[in-house]
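Inspection log for the structure reproduced underneath, given as C-alpha cells.
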Amino acid sequence: MSEPAKPPRPRPVPVPDPETAPYWDAANEGRLLLQRCTRHGHRQLYPRPHCVVCRGPVEWEEASGRATVYSFTVIRQNMVRPFRDLLPYVVALVDLEEGPRLMTNIVDCEPDDVAVGAPVRVRFDEVTEGVRLPFFLLAGS
Amino acid sequence: MADGRRAVIAGVATSDYPNLPDMSEYQVHAQAAERALADAGLTFDDIDGYATVGFFPMYAVQLSEYLRLQPHWFDETNFGGASFEVLVEHAARAVEAGACDTVLVTYGSVQLSAMGRRLGTGGRGPAPSGPAAFDQLWGNTLVGSYALAARRHMHEFGTTSEQLAEIAVTMRTHAAFNPHAQYRDPITVHDVLGSRMIAEPLHMLDCCVISDGGGACVVTTEERARDLPKPPIHVLGAAHAMTHHMNVSAMPDMTVTAAARSGPLAFAHAGLTPADVDTAQLYDSFTITVLLTLEDLGFCGKGEGGAFVEGGRLRFDGALPTNTDGGGLSACHPGMRGMFLIVEAVRQLRGEAGATQVPDAKVAVAHGTGGMLSTGATLLLGTERP
Ligand SMILES: [Zn+2]
C-alpha cells in the first residue's frame with residue numbers, strides 16, 4: 001500500500017504590517033502599487049516613510065505593470081517546500097518602467113526563454129485563498 | 001597615538017576542521033582560543049578584551065562566561081561573513097585607544113555536523129513581513145542571490161562560466177596542499193562546468209563547501225608583542241561598508257559590492273595601493289564573490305575580473321596568490337569564514353604557509369563578504385609597521 005501523497009504545502013504569503021499593507025492589499029485586488037515622491041517624483045519600493053533620495057513626502061501610485069528583466073536565475077536545487085516541488089523555476093529581479101526593482105518569479109515560460117533585458121508584464125496569481133502575488137510573464141506570451 | 005599603542009596581531013590559530021561530529025560549537029571556540037594564545041605566547045589571564053559573533057544575541061557574553069574570561073571590552077558586531085574582519089578592526093582601534101591591552105577574537109561553528117552534509121541553498125526563514133517580505137516569497141536561495149549577480153555580470157561584461165570556474169580550480173589546487181582541506185582532489189574547468197547546476201549560472205563547484213571549524217586571533221600592542229615569540233603582524237588599514245541587508249532587490253548595482261567602498265578606505269588608511277599586495281585572502285562563498293571582490297578592491301577594473309582570473313593569476317605561484325589555504329570553495333567554510341582569511345594572511349606574512357607560501361610576502365589583504373553580497377570588510381596586514 002502506498003503512502004497517500006502529502007498535500008502540497010502552500011507558498012509563503014506576506015504578513016502585512018501597517019507600512020506594507022497598502023501594497024499587499026492592492027496586490028490582492030490585482031493592482032501593483034509603488035511610492036512616488038511628491039516633491040521630485042522619485043519612485044520607490046519597498047515602502048518607507050519618506051523618499052529615499054530627498055527625504056520628501058511620498059504617496060501611493062499605481063504602476064503600469066511593465067518591466068524589464070535586470071537579472072534572473074533558474075533555481076534547480078531548493079530543499080524547502082513547496083519550492084522543491086516547483087523545480088526548476090525562474091527567480092528574477094525586474095525593473096518596473098517607473099524605476100523600482102522587484103524580485104519575482106517569471107512564470108508560464110521555458111526558463112531558457114528568459115533573458116536579461118527582456119520585457120515582462122505583471123500578472124496577479126492567487127497562491128492561497130484570498131492572497132494574490134505579483135508574478136511576471138514574458139511580454140507577448 | 002603613543003608609539004607603543006600600535007595594534008598588532010600576535011597569535012592566530014584554526015581549530016580542527018572540517019568535520020567535528022564530536023565537538024560542540026563552544027569547544028571549537030575554546031580549542032581555537034587555546035591554540036591562538038599558545039601561538040602568541042600568552043594565556044587567558046592576559047586577555048582583557050573579547051570579541052566574537054554567532055547566531056544569537058549576547059553571544060560574546062555567553063562565550064566569555066564559557067571561556068571563563070572577565071574582559072572589560074567586548075564586541076559582537078554582526079556583519080555576516082565579514083564580521084571577523086570588523087571585529088579585528090574594532091579590536092585594533094580599542095587597543096590603540098587604550099580601552100584594553102589584549103583582545104581575543106574567536107569563531108566556532110559545527111554547522112556541518114548540525115545539518116548533515118547538504119548544500120547551503122538557504123532554508124525557510126521567519127514569516128515574510130516588513131521589507132524582507134518583498135524578497136521572501138519567490139523561492140530564492142542563498143545561491144540564487146549570488147547567481148543573480150553572476151548573471152548580471154555576464155550580461156554587462158561578457159564574463160563566462162569558464163572564467164568563474166578558474167577560481168574554483170585554483171582554490172582546489174591550493175587545497176591539495178592543505179592536509180585539513182575538505183576536498184583535495186584536483187578539478188578542472190570541465191569538472192566545474194559539468195557539476196550539477198544549483199542556481200543558473202552557478203554550478204555545485206561554484207559554491208563553497210559546508211564545514212565545521214573555527215579560528216581565533218590575538219590583538220595586542222606592539223610594545224607587548226616585543227616580548228612574544230612570533231613576529232608581530234601590523235594592522236595597516238581597515239574599513240567596512242554595506243550595500244543592502246538581505247533583499248538583493250535593494251542592492252543598487254549587483255555587480256558592485258561593498259568592497260568598492262571598504263577597499264579604497266582601507267588602502268587610503270594604510271597608504272597602500274592594490275599593487276602593494278603580495279597575497280589576497282578573499283571571502284569565496286561562491287566563485288562570483290571572488291571575482292567581484294577583486295574588481296571592487298581595485299586589483300582590476302570593473303568588468304575585467306573574468307580576464308584577470310585567467311591564466312592562473314590567483315595561484316600560489318601566480319601574480320596575486322589568493323586563498324592559499326584552499327578557501328571556502330575547497331578547504332573549509334563553517335558559515336562565517338572571515339576568521340580563516342585572517343589566519344591565513346598572518347601565516348603568509350610570517351612565512352608559515354607551507355607549500356603555498358608566497359616568497360617574501362610583506363602585505364596581505366583579508367576581505368570578508370557577508371549576507372547576500374550585503375557587507376564587506378577589508379583588513380590590510382603587513383610585516384612592517386606603518
Ligand atoms: Zn524625493
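Among the residues of region A:36-51, write down those that are in contact with a Cys (Cβ under 8 Å, 6 or more places away or on another chain) and surrounded by 15 or more Cβ atoms within 10 Å (Cβ to Cβ).
Within region A:36-51, A:C37, A:H42, A:R43, A:Q44, A:C51 qualify.
Just one of (1) within 10 Å of chain B (Cβ to nearest Cβ); (2) open to solvent by 30 Å² or more (accessible area, probe 1.4 Å); (3) among the hydrophobic types (A, V, I, L, M, F, W, C) trips up A:A92, so point out which.
The single condition A:A92 does not satisfy is (2).
For (1) open to solvent by 10 Å² or more (accessible area, probe 1.4 Å); (2) touching a Leu at 6+ places or on another chain (Cβ under 9 Å); (3) of a type in the set (D, E, K, R); (4) in contact (Cβ under 8 Å) with a residue 24 or more places away in the chain, each residue gets a yes or a no:
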residue: B:A176; (1), (2), (3), (4): yes, no, no, yes
residue: B:R184; (1), (2), (3), (4): yes, no, yes, yes
residue: B:T188; (1), (2), (3), (4): yes, no, no, no
residue: B:E200; (1), (2), (3), (4): yes, no, yes, yes
residue: B:C217; (1), (2), (3), (4): no, yes, no, yes
residue: B:R224; (1), (2), (3), (4): yes, yes, yes, yes
residue: B:P232; (1), (2), (3), (4): yes, no, no, yes
residue: B:T243; (1), (2), (3), (4): yes, yes, no, yes
residue: B:N247; (1), (2), (3), (4): yes, no, no, yes
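Please indicate, with yes or no, whether at least one residue in region B:151-166 is β-branched (V, I, T), closer than 19 Å to B:P321 by Cβ and at pLDDT 95 or above. Spell out how you get there, then give the answer.
Quick first cut of region B:151-166, residues β-branched (V, I, T) only: B:159-160.
Among the residues that remain, those that are also closer than 19 Å to B:P321 by Cβ are: none.
No; the residues of region B:151-166 include none that is β-branched (V, I, T), closer than 19 Å to B:P321 by Cβ and at pLDDT 95 or above.
Collect the residues in region B:139-155 that are assigned to a loop (DSSP other than H, G, I, E, B) and over 20 Å from B:P252 (Cβ atoms), keeping them in residue-number order. Lay out the reasoning, then the answer.
From region B:139-155, those assigned to a loop (DSSP other than H, G, I, E, B) are B:139-141; that's our starting set.
Answer for region B:139-155, where residues must be assigned to a loop (DSSP other than H, G, I, E, B) and over 20 Å from B:P252 (Cβ atoms): B:G139, B:T141.
Any chance you could count how many residues in region B:86-109 are open to solvent by less than 40 Å² (accessible area, probe 1.4 Å) and in contact with a Ser or Thr (Cβ under 7 Å, 6 or more places away or on another chain)?
Final tally of qualifying residues: 8.
Given the criterion within 13 Å of the chain's Cα centre (by Cα) and of a type in the set (K, R), identify the matching residue among A:R48, A:R31.
Working: A:R48 fails: within 13 Å of the chain's Cα centre (by Cα).
Only one candidate qualifies: A:R31.
Which is in contact with a Ser or Thr (Cβ under 8 Å, 6 or more places away or on another chain), more than 29 Å from B:L380 (Cβ to Cβ) and hydrophobic (A, V, I, L, M, F, W, C), of B:L42, B:L20, B:L63, B:L37? Full working, then the answer.
Details: B:L42 fails: more than 29 Å from B:L380 (Cβ to Cβ); B:L63 fails: more than 29 Å from B:L380 (Cβ to Cβ); B:L37 fails: more than 29 Å from B:L380 (Cβ to Cβ).
The unique qualifying residue is B:L20.
Considering each of A:D85, A:D113 in turn, give the residue that is of a type in the set (D, E, K, R), away from the ligand (no atom under 16 Å from the Cβ), surrounded by fewer than 21 Cβ atoms within 10 Å (Cβ to Cβ) and farther than 18 Å from B:Q136 by Cα.
None of the other options fit; the residue is A:D113.
Can we say B:R117 is at pLDDT below 90, within 30 Å of A:R101 (Cα to Cα) and either within 14 Å of another protein chain (Cβ to nearest Cβ) or open to solvent by 10 Å² or more (accessible area, probe 1.4 Å) (or both)?
Details: at pLDDT below 90: yes; within 30 Å of A:R101 (Cα to Cα): no; either within 14 Å of another protein chain (Cβ to nearest Cβ) or open to solvent by 10 Å² or more (accessible area, probe 1.4 Å) (or both): yes.
Judged against the criteria, B:R117 is not a match.
Hey, among the residues in region A:52-79 that are open to solvent by 30 Å² or more (accessible area, probe 1.4 Å) and β-branched (V, I, T), which one's farthest from the ligand (Cβ to nearest atom)? So that I can check it myself, show each step before the final result.
Initially, region A:52-79 is screened for residues open to solvent by 30 Å² or more (accessible area, probe 1.4 Å), giving A:52-55, A:57-62, A:64, A:66, A:68, A:76, A:79.
Narrowing the set further to residues that are β-branched (V, I, T) leaves A:52-53, A:58, A:68.
Numbers: A:V52: 8, A:V53: 5, A:V58: 8, A:T68: 23 Å.
Looking at the filtered set, the residue picked out is A:T68.
So in region A:18-51, with the set limited to residues that are within 12 Å of the ligand (Cβ to nearest atom) and within 13 Å of another protein chain (Cβ to nearest Cβ), which one is farthest from A:G117 (Cα to Cα)?
We begin by selecting, within region A:18-51, every residue within 12 Å of the ligand (Cβ to nearest atom); these are A:35-44, A:48, A:50-51.
Checking the rest, the ones that are also within 13 Å of another protein chain (Cβ to nearest Cβ) come to A:35, A:44, A:48.
Numbers: A:Q35: 24, A:Q44: 20, A:R48: 28 Å.
Only one residue fits best here, namely A:R48.
Exactly one condition in (1) more than 10 Å from chain B (Cβ to nearest Cβ); (2) touching a Ser or Thr at 6+ places or on another chain (Cβ under 7 Å) is false for A:M103; which is it?
Failed condition: (1).
Has region B:221-241 got any residue that is part of a strand (DSSP E or B), under 17 Å from the mean Cα position of the chain (by Cα) and within 14 Å of chain A (Cβ to nearest Cβ)?
Looking through region B:221-241, none of the residues is part of a strand (DSSP E or B), under 17 Å from the mean Cα position of the chain (by Cα) and within 14 Å of chain A (Cβ to nearest Cβ).
Just to check your reading of the model, which residue among B:G306, B:G311, B:G368, B:G376 is in contact with an Asp or Glu (Cβ under 6 Å, 6 or more places away or on another chain) and outside any loop (DSSP other than H, G, I, E, B)?
B:G368
The values are calculated or read from the model by the stated rules, or taken from the named source; none is laboratory data. On a predicted model such as this, the values are computed, not experimentally measured, just so you know. Positions of Cβ are generated from backbone atoms using ideal geometry, with glycine treated the same way; all protein chains shown enter the neighbour counts. Please note that ligands, DNA and RNA were not included when accessible areas were found on the heavy atoms of the full protein model with its side chains. Shrake-Rupley method; radii C 1.70, N 1.55, O 1.52, S 1.80 Å.
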